[in-house]
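Q: Quick one: this structure, given as structure tokens, is what I'll be asking you about.
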Amino acid sequence: MNRPSALHDTKTAYDAVAPLYAELFSDVLDSLPMERALLAAFAELVQAHDAGPVADIGCGPGHVTAHVHALGPTTFGIDLSSEMVALARRAHPELRFDEGSMTDLDLADGTLGGVLALYSVIHTPPARLPAVFAEFQRVLAPGGHLLLGFFAGDDPLPQEFDHKVALAYRWSPDALADLLRRAGFAEVARLLREPREGERFQQAHLLMRKP
């Protein structure tokens, strides 16, 4: 998603909906036991390796950043939307939140023990995802973990859909896992669950490790 127009459109869209987004989703983990379990496993793996902090990339209003930080690993957030970053700082003043793009992270090579990217790559044009995954690979230390969340689909090709904020894509978990393997990651686990009431699509997570 490093075409200037795609970045600009996504930033503008999330800036506009930031307060409503925070109101709707800041407590969403309370009703997602499987996601909480996966986040707990991710946090435990990061701490066991002790390779550095966790960056929550596409952190939105900071609710997941705060949740993972409370589980043990030092965790900070990065978001393209300046309005989201402002909300996150107000809601969680004890934590660090920076404005930035996942295609050009202001982080040194190999400095992170973990990367969270929960539904933050869904707006990335498919042709640009390899560059995003290469950036995740660059900032992770050897042995570091990536947890990626996205909307799932059965088609082997990514499918556009009418996301309420900005143009987005659904991915087959196998196809996205293959892209991540090509970027140098090894799969550790995956979660695929059926949509709850009010959700349109299957929800998927891939837990990957940088060898």
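The values are calculated or read from the model by the stated rules, or taken from the named source; none is laboratory data. Since this is a predicted model, take the numbers as computed values, not measurements. Cβ atoms come from the backbone with ideal geometry, glycine included; neighbour counts cover every protein chain shown. Protein only, heavy atoms only, side chains kept; ligands, DNA and RNA dropped before computing areas. Shrake-Rupley method; radii C 1.70, N 1.55, O 1.52, S 1.80 Å.
Q: Modelled label-to-label distance, ALA91 and ALA40, 7 Å Cα→beta-carbon offset: nm?
A: Roughly 2.2 nm, to one decimal.
Q: Give the Cα extents of the stretch 120-208 along the principal axes, in whole Å, largest first.
A: Dimensions of the stretch 120-208 along the principal axes of its Cα atoms: 39, 24, 22 Å.
Q: Taking a virtual spin label 7 Å from the Cα of SER82 along the C-beta vector, which residues in the stretch 3-22 bring their backbone nitrogen under 14 Å of it?
A: Answer for the stretch 3-22: 8, 11-16.
Q: Based on the mean of other Cβ atoms within 10 Å per residue, sort peptides 191-199, 50-58 so the most packed one is first.
A: Highest to lowest by the protection proxy: 50-58, 191-199.
Q: Hey, another quick one. Whenever you get a sec, compute what percent of the accessible area on the chain sits on carbon and sulfur atoms (1.4 Å probe).
A: Carbon plus sulfur share of accessible area: 54 percent.
Q: Could you report the accessible area of SER120 in Å², rounded to 10, computed with a 1.4 Å probe on the protein chains as they sit in the structure?
A: 10 Å²
Q: Taking only the alpha-carbon positions of the stretch 55-188 and ignoring solvent, what does the Debye formula give for the base-10 log of I(q)/I(0) at q = 0.10, 0.14 Å⁻¹?
A: The calculated log intensity ratios at q = 0.10, 0.14 Å⁻¹ are -0.32, -0.63.
Q: For the chain, report the accessible area per residue in Å² (1.4 Å probe, heavy atoms, rounded to an integer).
A: Solvent-accessible surface per residue comes out at 46 Å².
Q: Let me ask something else about it. For the stretch 143-198 and the stretch 39-66, compute the distance between their C-alpha centroids and round to whole Å.
A: 18 Å
Q: Further question: With 13 Å as the cut-off, how large is the P(r) tail for the stretch 29-90, expressed as percent of Cα-Cα pairs?
A: 61 percent
Q: Output the relative contact order of the stretch 97-203, whole-number percent, from Cα pairs under 8 angstrom with separation of 6+ residues.
A: Relative contact order for the stretch 97-203 comes out at 25 percent.
Q: Can you list the HN-Hα couplings for the stretch 139-144, worked out from phi with the Karplus curve (6.51, -1.76, 1.60; θ = phi - 60°), rounded to whole Hz and with x for Gly and Pro?
A: Karplus values, whole Hz, x for Gly and Pro: 7, 7, 6, x, x, x.
Q: Given 20 °C and 1.002 mPa s, how large is the Stokes-Einstein diffusion coefficient of the stretch 1-107 in µm²/s, with Rh as the Kirkwood radius over Cα pairs?
A: In µm²/s, the coefficient is 149.
Q: Hey, another quick one. Note down the nm distance, to one decimal, between modelled labels 7 Å out along Cα→Cβ at ALA108 and at LEU29.
A: 2.8 nm
Q: Any number yet on Rg/Rh for the stretch 62-114, C-alpha, Kirkwood?
A: Using only Cα positions, Rg/Rh for the stretch 62-114 is 0.96.
Q: Length gain on complete extension for the stretch ALA131 to GLN202, per 0.36 nm per residue less the alpha carbon to alpha carbon distance?
A: 23.0 nm
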